[in-house]
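What follows is a single structure, written as structure tokens, with notes after it.
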Ligand code: GLY
């Protein structure tokens with residue numbers, strides 16, 4: 001039975017189906033929300049993903065992503081990360097699939113992680129067990145951490161996050177492939193993986209115009225200048241003759257490791273500075289919240 005949202009503050013309207021990370025729209029009031037609902041449901045802005053919409057009160061806080069693997073019995077959370085969904089500096093403008101990410105996310109203190117374990121991850125595992133769902137694989141919990149350090153679930157996905165994976169995987173120590181196999185076989189152990197010291201930062205290089213319309217086929221220069229502890233992940237790229245070209249909205253993810261978030265940020269932007277393609281855009285403030293905490 002649909003429920004009517006009675007609140008007065010900002011409202012979030014979401015296409016219920018998959019919309020490439022762009023289906024959630026923050027509206028300042030009911031009139032704006034109604035306009036977006038018409039666009040989603042009548043004008044089919046997100047295709048059939050918008051046949052059902054979710055309307056929620058806007059949560060205020062800091063987002064964090066918890067990627068975890070489970071064999072249905074043991075749930076192993078990986079290091080907490082934070083992505084930057086908005087296209088603009090200071091987390092402004094329309095949402096994207098993610099313009100950058102960093103890990104660890106300092107908003108997830110040990111106390112907050114304890115709450116996430118007891119209030120989110122434990123209950124989801126128990127709920128699946130109660131419903132006899134033999135789920136083995138990845139659980140992605142997209143959370144909002146409010147001012148009091150309380151976690152609220154925004155979404156669950158049964159996949160890794162992008163660009164969160166680009167900062168979480170480089171920090172994992174241990175045999176990740178074996179851990180995934182163990183998850184599939186029902187033999188995952190709670191201490192299968194550990195997290196290395198230090199931090200990772202990923203800056204996404206996107207096509208001009210993204211998340212709106214953008215051109216494709218622009219040659220990408222400077223990819224061979226990668227340095228130590230810098231990884232360039234390909235997303236929206238294609239190979240034309242010998243030259244990689246742009247082929248999507250989010251083109252590349254430049255990840256760097258460092259002893260601290262600041263060290264990783266500096267190194268990531270150093271990597272970014274060597275890469276060019278026509279219309280290239282990126283955010284120059286990735287990890288700003290963590291940097292503010294580090295200072
Ligand atoms: N970065 C958001 C997601 O992967 O859903």
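What follows draws every value from the coordinates through simple rules; no lab data is involved. Owing to the predicted nature of the structure, the values given are computational and were not obtained by experimental measurement. No Cβ is skipped: glycine too gets one built from the backbone with ideal geometry, and neighbour counts run over all protein chains shown.
In the frame of its principal axes, region 73-143 has Cα extents of 44, 25, 16 Å, reported largest first.
Sorting 250, 283, 136, 131 from the fewest to the most surrounding beta carbons within 10 angstrom yields 131, 136, 283, 250.
Diffusion coefficient of the chain by Stokes-Einstein, Kirkwood radius over Cα pairs, 4 °C, 1.567 mPa s: 64 µm²/s. The alpha-carbon atoms of region 90-244, seen along their principal axes, cover 53, 37, 33 angstrom, with the largest extent given first. Measuring nothing but how far apart in sequence close Cα pairs (under 8 Å, 6+ apart) lie, relative to its length, region 82-207 scores a relative contact order of 28 percent. Note on 121, 67, 181, 252: ascending count of other Cβ atoms within 10 Å places them as 181, 121, 67, 252, the fewest first. What whole-number distance in Å separates the alpha-carbon centres of region 59-89 and region 207-264? Going from one Cα centre to the other spans 23 Å. For the options 265, 251, 60, a Gaussian network treatment of the chain with springs between C-alpha atoms closer than 10 Å singles out 60 as fluctuating the most. Along its first, second and third principal axes, ordered by size, region 1-140 spans 44, 38, 28 Å in Cα coordinates.
Relative contact order for the chain using alpha-carbon pairs under 8 Å, separation at least 6, rounded to a whole percent? Computed value for the chain: 17 percent relative contact order. Counting 0.36 nm for each residue step from residue 148 to residue 133 and taking away their Cα separation leaves a gain of 2.1 nm.
With neighbours defined as other Cβ atoms within 10 Å of a residue's Cβ, the residues 26, 245 order from fewest to most as 26, 245.
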